[in-house]
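Input: a single structure, listed below in structure tokens.
The values are calculated or read from the model by the stated rules, or taken from the named source; none is laboratory data. All figures in this text were calculated on a predicted structure; none of them were measured in a lab. Positions of Cβ are generated from backbone atoms using ideal geometry, with glycine treated the same way; all protein chains shown enter the neighbour counts. Just so you know, the surface numbers come from the protein's heavy atoms only, side chains and all, with ligands and any DNA or RNA stripped out. Shrake-Rupley method; radii C 1.70, N 1.55, O 1.52, S 1.80 Å.
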Amino acid sequence: MKWKPILIVLSVIIVITNLPMINKDFIVLFDGRDHFRYSNADASYTRIQGFGFKDGFFSPKLIERFIEEEKPSKENSTLYRLYRINPLCFWRWSYYLFTSVDFEYKSWKEIEPNRVPYDPENRWQDF
């Protein structure tokens, strides 16, 4: 019975930190602004998920325009998340469930050797 109040408090904290309007603030507070990075296999398309007021959740449709315009090879048409899912970071759970599950994980160490040169003028590359 001593654990019941603690479980209730923990449950409330987890639910509150994963509410849509509050969740972005917690992600930025605990993770910084550039933790959630995405890239295709040769890094000709790279994105850092923003968590500003006008930023929405990351979507697989974001790479579709790149594919239409740049016509990359098939292996460079898949977008990967460059971060691992950590279940201990409870404030990220809603982001994991609604966004991260759409992308396979690939380490930046696997992508970096195949990277096309970074061009700050290239609108498809954030980093």
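Please name all residue pairs, on different chains or six or more residues apart, with Cβ atoms under 6 Å, provided the first residue is in the stretch 65-85 and is touching a residue at least 24 places away in the same chain (Cβ under 8 Å) and the second residue is open to solvent by 30 Å² or more (accessible area, probe 1.4 Å) and β-branched (Val, Ile, Thr).
The qualifying pairs are Ser77/Ile67.
To keep it simple, each residue is scored yes or no on (1) within 13 Å of Phe36 (Cα to Cα); (2) charged (D, E, K, R).
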| site | (1), (2) |
| --- | --- |
| Arg65 | no, yes |
| Pro72 | no, no |
| Leu82 | yes, no |
| Trp93 | no, no |
| Phe103 | yes, no |
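Could you tell me whether any residue of the stretch 19-27 is at pLDDT below 85, open to solvent by 20 Å² or more (accessible area, probe 1.4 Å), among the acidic types (Asp, Glu) and not in a loop (DSSP other than H, G, I, E, B)? Full working, then the answer.
Going residue by residue through the stretch 19-27, those that are at pLDDT below 85 are 19-27.
If we keep only those that are open to solvent by 20 Å² or more (accessible area, probe 1.4 Å) too, we end up with 19-22, 24-26.
Checking which are among the acidic types (Asp, Glu) leaves us with 25.
Add one more test, that the residue is not in a loop (DSSP other than H, G, I, E, B), and what stays is 25.
There is at least one residue in the stretch 19-27 that is at pLDDT below 85, open to solvent by 20 Å² or more (accessible area, probe 1.4 Å), among the acidic types (Asp, Glu) and not in a loop (DSSP other than H, G, I, E, B).
If I go through the stretch 86-104 residue by residue, how many of them are farther than 15 Å from Tyr45 by Cα and touching a residue at least 12 places away in the same chain (Cβ under 8 Å)?
12
Considering every residue within the stretch 48-60, establish whether at least one is at pLDDT 85 or above and part of a loop (DSSP other than H, G, I, E, B). Outline the logic, then answer.
Taking the stretch 48-60 first, the residues at pLDDT 85 or above are 48.
Restricting the remaining residues to those that are part of a loop (DSSP other than H, G, I, E, B) gives none.
Scanning the stretch 48-60 turns up no residue that is at pLDDT 85 or above and part of a loop (DSSP other than H, G, I, E, B).
Keeping to the stretch 87-103, report how many residues are surrounded by fewer than 15 Cβ atoms within 10 Å (Cβ to Cβ) and in contact with a Lys or Arg (Cβ under 7 Å, 6 or more places away or on another chain).
Total satisfying the criteria: 0.
Quick check: anything in the stretch 105-113 over 18 Å from Ser39 (Cβ atoms) and touching a residue at least 60 places away in the same chain (Cβ under 8 Å)? Walk me through how you get there before you give the answer.
Going residue by residue through the stretch 105-113, those that are over 18 Å from Ser39 (Cβ atoms) are none.
No, there is no match, as no residue in the stretch 105-113 is over 18 Å from Ser39 (Cβ atoms) and touching a residue at least 60 places away in the same chain (Cβ under 8 Å).
Pick out the one residue from Pro113, Pro117, Pro72 that is open to solvent by less than 90 Å² (accessible area, probe 1.4 Å), over 18 Å from the mean Cα position of the chain (by Cα), modelled with pLDDT of 90 or more and within 13 Å of Asp42 (Cα to Cα). Can you show your working first?
Values: Pro113 fails: open to solvent by less than 90 Å² (accessible area, probe 1.4 Å); Pro117 fails: open to solvent by less than 90 Å² (accessible area, probe 1.4 Å).
Matching residue, one of Pro113, Pro117, Pro72: Pro72.
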